Amino acid sequence: MSAAEKAQAAQSTRNGWLLSTPALVILTLFAVGPLMIVAVYSFLAPGQYGNVEWQFSLDGWRGILWTKDIFDDTYGLADANVTIFWRSIRLSVLTTLLTFAVGFPTAWFIATRPAKSRALWLFLITIPFWTNLLIRTYAINEVIRNEGLLNTLLLKLGVISAPIQLLYTDTAVFIGMAYVYLPLMVLPLFAAIDRFDMKLLEAAYDLYASRMQVLRRVILPIVKPGIIAGSILVFVPSLGAYVTPRVLGGGKQMMIGNFIDLQFGQGRNWPLGAALSLTLLVIVTAALLIYVKYANRDTAHGH
Amino acid sequence: MATKTFSVAKLPGFTTTAVLVFIALYLPIFTLVAYSFNASQSVAVWGGFSLDWYAKAWNNDQVKDATMRSLIIAVSAAVMSTAVATMAALGTTRRKAFKGQTFIYVMINQPLMVPEIVTAVSLLIFFGMIKQATGIQGIGYVIFAHAAFCIPFAYLPIRARLEGMDLTLETAAADLYASPWQIFRHVTLPLLLPGVIAGAMLAFVISLDDVVITEFVKSGGQDTLPTYMLGQMRRQLTPEINAISSMLLALTVVLLTAFFLLTRKND
């Protein structure tokens, strides 16, 4: 490289940084920086009326799973917290599984449409994706509440004699999350299936593979990156869900997001809220890192 | 040939499942819209067709205020995030990979990776400190919070557009003694414009839709349309919520259709 080329490369790098600076400043101030403050707050003591006392304390972190006995100051497992964590993980896993089970056939259906109508089907998946999450959650509320579409229909048909109480249960939160996050599963699956070479199916059938074998040994391995991407895209927001459990869980069927909210409101335990936030962030980051690792490995193998 | 591939690609039960999924996806939305035309006071009983709830929502001062505030925030956040995202996209594409580029990517995509509730709580604490120290209240906090999480949404379509753009036109302009600014103003920017508009529209929709971060960052009396609706959902529900939702839904569909036409035409 000549001196002139070197100078040009340095200039290019400088311009690259210079042009990115305004975005980086905004993101540092209003996205990344505040996370550092959360980290500091998680090691402080709670203030009596919310906020914090500026003294070092590990109670915030301890409070995630343990609770202090009010009589003898010993620590025991906090059952309520364990229930909330378990509900969050269980509902997020179930949501991921259900969205995959129905999302895969849907993505396959869209990808196998003729080119002209494919764009339309894809558009139909995209509309709910961009529609306000609150509106979609409320739409589910319209269907499952006691006087809602589902109960009215079942009552009229005589299937049930009294409305089923679905709203404000775990099931309601589960149905709601599967509904609002489904497009996040279908879109990456579609992208993977769209690249899939259908000639492979002919080859497999020519070699006397059954439909089940074709699905399990040909299709699924090849679209695996799409499956992993979709699962991460559904699992991550499910785990951090706040609006859906609040509206459909009615404040009782809390998930981690609502539990964090509680600490900054009635709970008046900001350090615990900060520690819970960081815990959620760590779990989500771990899931994303696993995804990146898998995605890189798959591209390394040339899929 | 095409029909043969199609039959091979058919898997048992897949079409049925897909059709049911589309029904399940749209039935709740149609129900919500249908009940916005309900004449009855309750959301439960159908009392005939009426536009009363639209009139009521239209004349509700709280709804009017919240709508205005939502639009002001969304426009400000979209303009701000699109401006800085355009610059960042120009800085991170069409040049040799440079040191720190990955860092810039990670920073720009950060809002996509952090759960909303975590960002919401962190901003609650951070802005709380600023408010206490300076005493400054106002809508600015919400705008800056929105501008930050809108950046990746504005950035992605602009970057995609830049990567697909032909460099030779700019080289030709340079050969004809255009100054770097003239090249940018008369060649790069017009070519880039569909990407910029697409990015701004995504940022606008994302800002308009936000509930969680706004709910934590706003001060009293700073409700946006979504946080107003969230507040109403705790009380007795009336079809007014359905009417507001339907209007917001219509706006989203219009914007999305425009977005698709915009990005498709220039492929």
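The values are calculated or read from the model by the stated rules, or taken from the named source; none is laboratory data. Quantities reported herein were computed from a predicted structural model and do not represent experimental measurements. Methodologically, a virtual Cβ is constructed for each residue, glycine included, from the backbone with ideal geometry; neighbour enumeration extends over all protein chains shown.
Answer yes or no as to whether A:A31 is modelled with pLDDT of 90 or more and closer than 25 Å to A:F264 by Cα. Outline the logic, then answer.
Working: modelled with pLDDT of 90 or more: yes; closer than 25 Å to A:F264 by Cα: yes.
Considered against the rule, which asks whether it is modelled with pLDDT of 90 or more and closer than 25 Å to A:F264 by Cα, A:A31 comes out as yes.
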### Residue selected from segment B:11-31 under the condition surrounded by fewer than 14 Cβ atoms within 10 Å (Cβ to Cβ) and either within 7 Å of chain A (Cβ to nearest Cβ) or part of a loop (DSSP other than H, G, I, E, B) (or both), by the criterion modelled with the highest pLDDT
B:G13
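Given the options A:P105, A:P34, name the one that is in contact with a Phe, Trp or Tyr (Cβ under 7 Å, 6 or more places away or on another chain), in a helix (DSSP H, G or I) and not assigned by TED's automatic domain parsing to the domain that holds A:V234.
On the way: A:P105 fails: not assigned by TED's automatic domain parsing to the domain that holds A:V234.
Within the list A:P105, A:P34, the selection yields A:P34.
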### Query
Regarding A:T126, is this residue part of a helix (DSSP H, G or I), touching a helix residue (DSSP H, G or I) at 6+ places or on another chain (Cβ under 6 Å) and within 30 Å of B:L248 (Cα to Cα)?
no
## Note on the structure
When segment B:125-143 is checked residue by residue, the ones that are among the aliphatic types (A, V, I, L, M) and either touching a residue at least 60 places away in the same chain (Cβ under 8 Å) or surrounded by fewer than 10 Cβ atoms within 10 Å (Cβ to Cβ) (or both) are B:A133, B:I139, B:V142, B:I143
### Condition met for A:S210 (within 13 Å of chain B (Cβ to nearest Cβ) and either surrounded by 22 or more Cβ atoms within 10 Å (Cβ to Cβ) or touching a strand residue (DSSP E or B) at 6+ places or on another chain (Cβ under 9 Å) (or both))
no
### Query
Only one of these conditions is not met by B:A97: (1) in a loop (DSSP other than H, G, I, E, B); (2) small (G, A, S); (3) away from chain A (no Cβ under 11 Å). Which number is it?
(3)
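Could you check segment B:210-231 and list, in sequence order, the residues that are without any contact (Cβ under 8 Å) to a residue 40 or more places away in the chain, at the interface with another protein chain (Cβ under 10 Å from one of its Cβ atoms) and assigned to a helix (DSSP H, G or I)?
Let us first name the residues in segment B:210-231 that are without any contact (Cβ under 8 Å) to a residue 40 or more places away in the chain, namely B:211, B:220-221, B:229-231.
Filter again for at the interface with another protein chain (Cβ under 10 Å from one of its Cβ atoms), leaving B:211, B:229-230.
Passing the criteria: B:M229, B:L230.
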### Task
Scan segment A:179-189 for residues that are buried (at least 24 other Cβ atoms within 10 Å of the Cβ) and more than 13 Å from the chain's Cα centre (by Cα) and jot them down.
A:V186, A:L189
### Message
Could you go through segment A:65-83 and let me know if any residue there is within 14 Å of another protein chain (Cβ to nearest Cβ), more than 20 Å from A:Y181 (Cα to Cα) and either at pLDDT below 90 or in a helix (DSSP H, G or I) (or both).
### Response
no
### Message
Residues to consider are B:M80, B:M68; find the one that is in contact with a Cys (Cβ under 9 Å, 6 or more places away or on another chain) and either surrounded by 18 or more Cβ atoms within 10 Å (Cβ to Cβ) or part of a helix (DSSP H, G or I) (or both).
### Response
B:M80
### Query
Hey, does segment A:266-277 have a residue that's facing chain B (nearest Cβ under 8 Å), modelled with pLDDT of 95 or more and under 17 Å from the mean Cα position of the chain (by Cα)?
yes
## Note on the structure
For A:L200, the lone unmet condition from (1) surrounded by fewer than 21 Cβ atoms within 10 Å (Cβ to Cβ); (2) away from chain B (no Cβ under 11 Å); (3) not polar (S, T, N, Q) is (2)
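State which residue is farthest from the other protein chains (Cβ to nearest Cβ) when the search covers only segment A:130-173 and only residues that are of a type in the set (K, R) and not in a loop (DSSP other than H, G, I, E, B). Explain how you work it out, then say what you get.
First pass over segment A:130-173, keeping only residues of a type in the set (K, R): A:136, A:145, A:156.
Next, from what is left, pick out any that are not in a loop (DSSP other than H, G, I, E, B): A:136, A:156.
Working: A:R136: 7, A:K156: 12 Å.
The qualifying residue farthest from the other protein chains (Cβ to nearest Cβ) is A:K156.
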### Message
Suppose the filter is outside any helix (DSSP H, G or I) and within 10 Å of chain B (Cβ to nearest Cβ); does A:A241 pass it?
### Response
yes
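Can you find a residue in segment A:210-224 that is touching a Gly at 6+ places or on another chain (Cβ under 8 Å) and not in a helix (DSSP H, G or I)? Steps first, please.
First pass over segment A:210-224, keeping only residues touching a Gly at 6+ places or on another chain (Cβ under 8 Å): none.
Scanning segment A:210-224, I find no residue that is touching a Gly at 6+ places or on another chain (Cβ under 8 Å) and not in a helix (DSSP H, G or I), so the answer is no.
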### Message
crowded, with 16+ Cβ neighbours inside 10 Å and more than 28 Å from B:T227 (Cβ to Cβ): is that true of A:V218 in this structure?
### Response
yes
### Task
Determine if segment B:187-207 includes at least one residue that is modelled with pLDDT of 90 or more and farther than 22 Å from B:V79 by Cβ.
yes
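Go through A:D194, A:D206, A:D170 for me and flag whichever is among the acidic types (D, E) and in contact with a Leu (Cβ under 7 Å, 6 or more places away or on another chain). First the steps, then the outcome.
On the way: A:D194 fails: in contact with a Leu (Cβ under 7 Å, 6 or more places away or on another chain); A:D206 fails: in contact with a Leu (Cβ under 7 Å, 6 or more places away or on another chain).
Residue meeting the stated conditions: A:D170.
Residue-by-condition table, conditions (1) at pLDDT 95 or above; (2) more than 10 Å from every other protein chain (Cβ to nearest Cβ); (3) buried (at least 16 other Cβ atoms within 10 Å of the Cβ); (4) touching a helix residue (DSSP H, G or I) at 6+ places or on another chain (Cβ under 9 Å):
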residue: B:T92; (1), (2), (3), (4): no, no, yes, yes
residue: B:T102; (1), (2), (3), (4): no, yes, no, no
residue: B:N109; (1), (2), (3), (4): no, no, no, yes
residue: B:L112; (1), (2), (3), (4): no, no, no, yes
residue: B:L123; (1), (2), (3), (4): yes, no, yes, yes
### Task
Mind listing just one residue for me: the one in segment A:13-49 that is in contact (Cβ under 8 Å) with a residue 12 or more places away in the chain and of a type in the set (G, A, S) and, of those, farthest from the other protein chains (Cβ to nearest Cβ)?
A:A45
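Name the one entry in A:V223, A:V214, A:V186, A:V234 that is touching a residue at least 12 places away in the same chain (Cβ under 8 Å) and under 30 Å from A:F264 (Cβ atoms). Walk me through it before giving the result.
On the way: A:V223 fails: under 30 Å from A:F264 (Cβ atoms); A:V214 fails: under 30 Å from A:F264 (Cβ atoms); A:V186 fails: under 30 Å from A:F264 (Cβ atoms).
From the options A:V223, A:V214, A:V186, A:V234, the qualifying one is A:V234.
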